[in-house]
Amino acid sequence: MPPPGGQPSSARLALLAGVANLVVLGAVGTALLLVRDSGDGGTTQLATATSSSAATTTSASSSRRTSTTTTTTTTSSPAPPGSEVTGPAGIRTVIPEGWTVAPTQSAGSVQATDPADSSRFVRYGGSAVPNASIMESHLEAESDFAAARPGYSRVELAQTTLRGYEAIVWEFEWTAPEGRRHVKAEYWRASGTEYFVYASSKAADWPEMVPILTAMTENAIP
């Protein structure tokens, strides 16, 4: 053994150096092995895991989009286009497409009838203004009509205006041979002529006639 405080012998130094080299080489080899394993398997495994995760995420996202996205298609049957017609005294209006048009027994009046149901019809026309006021003339007409129609019942007979013209709304029901009927007419006076639009049907069918009469009134000229 070396004397206290002295330097180690050359043999001892050589032995220690050799041991130190072996330790360093072993550590380097282990480090390289860890890097190789980490660089191949670890990276490959990470890449695989990431790809798998991404695929799973994409699949889940696609699944969510598929399951939560809905397409709603709303279809509706539009009302049949109206046919524009010209009638007595130059009145113009619209009637349902395909309805049969023919003059009535009253001068200045034309009737259009539903070819599928002759109990449904409209009338339109015009004639010279009578001497009486619009209200007086229709009160008189109502009196004559009611006397000849069983079960006559007034719904409305009122003076109003239509596009600035003085007008009358006359709505009523009566008992026809086929049963209860509902009728509504609108009359207005312009430039010495009294024009009108009129709708009639069985009372049970009246709701279907309302939009027809509305279209006739809104599209009437003058």
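The values are calculated or read from the model by the stated rules, or taken from the named source; none is laboratory data. Just so it is clear, the structure is predicted and the values come from calculations on it, not from any experiment. When we count neighbours, we look across all protein chains shown, and the Cβ atoms used for this are built from the backbone with ideal geometry, even at glycine. Just the protein is used for accessible areas: all its heavy atoms, side chains included, with ligands, DNA and RNA removed. Shrake-Rupley method; radii C 1.70, N 1.55, O 1.52, S 1.80 Å.
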For Trp188, state whether it is of a type in the set (Phe, Trp, Tyr), in contact with a His (Cβ under 9 Å, 6 or more places away or on another chain) and surrounded by 14 or more Cβ atoms within 10 Å (Cβ to Cβ).
no
Pick from segment 99-128 the residues that are of a type in the set (Val, Ile, Thr) and open to solvent by 50 Å² or more (accessible area, probe 1.4 Å): which of them is nearest to the chain's Cα centre (by Cα)?
Thr100
Would you check if Leu139 is open to solvent by less than 30 Å² (accessible area, probe 1.4 Å) and in a helix (DSSP H, G or I)?
no
Top-ranked residue of segment 191-213 - restricted to ones that are in a helix (DSSP H, G or I) and under 19 Å from Val110 (Cβ atoms), ranked as most open to solvent (accessible area, probe 1.4 Å):
Ile212
Meets criteria (open to solvent by less than 40 Å² (accessible area, probe 1.4 Å), at negative phi, assigned to a strand (DSSP E or B) and in contact with a Pro (Cβ under 9 Å, 6 or more places away or on another chain)) for Val183:
no
Is there a residue being outside any helix (DSSP H, G or I), open to solvent by less than 50 Å² (accessible area, probe 1.4 Å), farther than 19 Å from Ser200 by Cα and in contact with a strand residue (DSSP E or B) (Cβ under 7 Å, 6 or more places away or on another chain) anywhere in segment 152-166?
yes
